[in-house]
Amino acid sequence: QFLFVVTFSTFLLCCVEYDVLFANRPVNQSGSLVPPAERAKVTLPDAVLPMPQCACRIRANGWVIFLLVMAAVFWLYRLVKVLCSLLSYWEIRNFYIKALHIPSDGLCNYSWQEVQARLISLQREQQMCVHKRELTELDIYHRILRFKNYTVAMVNKSLLPVRFRLPLLGPVVFLTQGLKYNLELLFFWGPGSPFQNKWNLQPQYKRAGSRLELAQRLARTMVLLGLANLLLCPFVLVWQVLYAFFSYTEVIKREPGSLGARRWSLYGRHYLRHFNELNHELQARLSRGYKPATKYMNSFTSPLLTVLAKNVGFFAGSLLAVLIVLTVYDEDVLTVQHILTAITLLGLVVTVARSFIPDEHLVWCPEQLLQCVLAHIHYMPDHWQGNASKAETRAEMAQLFQYKAVFILEELLSPIVTPLILIFALPARALDIVDFFRNFTVEVVGVGDICSFAQLDVRHHGHPQWLSAAHTEASAYRQAEDGKTELSLMHFAITNPRWQPPPRSELFLSQLKEKVQQDAAATPCLPEPPLTASLLS
């Protein structure tokens, strides 16, 4: 895709004669000018310059040469990464076939639990991990999700500057793929990051005496990374615009309402993710919550906007109907200049207007809808309870479940906004981030350094508002917010029923099961109450 976008964009810029394409300068088949009376129909080959002339144009444009060199360097870097990944994938393939005895053609028929069970059994037989006799399910998850758990914990403790209050817009959340890539580069695998390799934190980050020096060094690295992003901003911005244009233009023309569809935002995926939750587990859970979340967000309508949309749709539809009838009566109408453009734009306006008109059979019950959403996403702020009908709740939900148009706009703005966050907002959090890595990192034999929240120990990270109130020793600083420890523990125990949790966590789970059984016994038999949906999810 990268090669195609670069090659095709260069071709459009330097190898097309647009005066000929738009019939502003007619030519005959030999390429020479002809009088208006003898004009022939323009074909695509007429508008394409010969290869020598095209190459001459490219060589004469210094900016194009520079951009092509930059693109070639980036492509070679990506090529090396792909080749290294292929070698790793080949090793993984051989491991599955020879060690786990899972053939490639049958891999799609195995569940993750089956693969994990074979891996644990293989450890008992061959001692792949020499530091431990047996691997547990939690050890495997820790190895796979080491850095993901740190990121989820930093979002949970509000360490990352992704929330802002802007004039006119109010509270906004900004977390894009570009910003996420820079944060991972900064914290986990880039030069000068706190981790010295893929499994160990640098020793000085574990000592309290070095915190000020490390914070200054980390803040300096953040600023330098921000300046590098600022320097590359024009090139990344051009790439983002071109990629978005080639990716979404055809979709918008075919399905104009697709921009009004929603998706779970990148911030939402981190906020709603449990500790020790694999990508496919998170995706399955959020996919189950997609339809209830869509129904909840669509239940909010504006009467004024509805009336406006109906009238705009009527006017645009009337014009479109006349144009369609005229083209059916005489197809020569299509040869009129800009008539196809008018038909396309009017169709787009009608489709967009219809998206703002609510279903006339819609029943407004936001509290029940939000409970259905909660049954799958598992997390929501306390102040949402009983306030599902308020616009503030919907606005905060929109930060987790955003329009696709908002996602595209954020990605386009990312090359501009990301350097500003790295230079101005993030360095102020450097000391807190250094303290976070020191206070919430533990070393596990055979696994390496991991985020302590990922151990799912309610004794050290439980929240008093939950059933672990009498079983937690965690201070407010060490507590996970929104019951993240307890909910993650429940999810992991249900996903991995053979796993043996720590004693305090096991006591919490047994008390929870008793409470659920009592509530279920006291609940009248309904088709599918939120409690049942939550347990099933």
Take the residues in the stretch 277-328 that are among the aromatic types (F, W, Y), part of a helix (DSSP H, G or I) and within 17 Å of C372 (Cα to Cα), then tell me which one is modelled with the highest pLDDT. Y290
From the set of residues in the stretch 163-190 that are modelled with pLDDT under 95, aliphatic (A, V, I, L, M) and part of a loop (DSSP other than H, G, I, E, B), which is least open to solvent (accessible area, probe 1.4 Å)? L169
For the stretch 458-497, give me each residue that is acidic (D, E) and either open to solvent by 30 Å² or more (accessible area, probe 1.4 Å) or at pLDDT below 90 (or both). E473, E481, D482
Name the one entry in S193, S210 that is surrounded by 16 or more Cβ atoms within 10 Å (Cβ to Cβ) and under 25 Å from Y271 (Cα atoms). S193
Please identify the pairs in which a residue from the stretch 373-386 that is on the phi > 0 side of the Ramachandran plot has its Cβ atom under 8 Å from the Cβ atom of a residue that is open to solvent by 30 Å² or more (accessible area, probe 1.4 Å), counting only partners at least 6 apart or on another chain. H378/S534; G386/E367
Among the residues of the stretch 151-158, are any part of a helix (DSSP H, G or I), open to solvent by 20 Å² or more (accessible area, probe 1.4 Å) and not assigned by the TED database to the domain that holds N197? no
Between a residue in the stretch 170-194 that is free of Cβ contacts under 8 Å to residues at least 60 places away in the same chain and any residue that is polar (S, T, N, Q), which pairs come within a Cβ distance under 6 Å, given they are 6 or more apart or on different chains? G192/T221
Tell me which residues, restricted to the stretch 359-412, are open to solvent by 30 Å² or more (accessible area, probe 1.4 Å), within 27 Å of V251 (Cα to Cα) and among the aromatic types (F, W, Y). Y403, F407
Can you tell me which condition T418 does not meet? The list is (1) of a type in the set (S, T, N, Q); (2) closer than 25 Å to Q216 by Cβ; (3) surrounded by fewer than 21 Cβ atoms within 10 Å (Cβ to Cβ), and all the others hold. (3)
For the structure I just gave you, tell me whether L259 is assigned to a helix (DSSP H, G or I), touching a helix residue (DSSP H, G or I) at 6+ places or on another chain (Cβ under 7 Å) and open to solvent by 80 Å² or more (accessible area, probe 1.4 Å). no
Condition test on L326, is it outside the structural domain of E411 (by the TED database) and either touching a residue at least 40 places away in the same chain (Cβ under 8 Å) or in contact with a helix residue (DSSP H, G or I) (Cβ under 6 Å, 6 or more places away or on another chain) (or both)? yes
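The values are calculated or read from the model by the stated rules, or taken from the named source; none is laboratory data. Not measured: the values here are computed from a predicted model. Here Cβ is always computed from backbone atoms with ideal geometry, including for glycine, and neighbour counts include all displayed protein chains. Ligands, DNA and RNA are stripped out before the accessible areas are found, and what is left, the full protein with its side chains, is counted by its heavy atoms. Shrake-Rupley method; radii C 1.70, N 1.55, O 1.52, S 1.80 Å.
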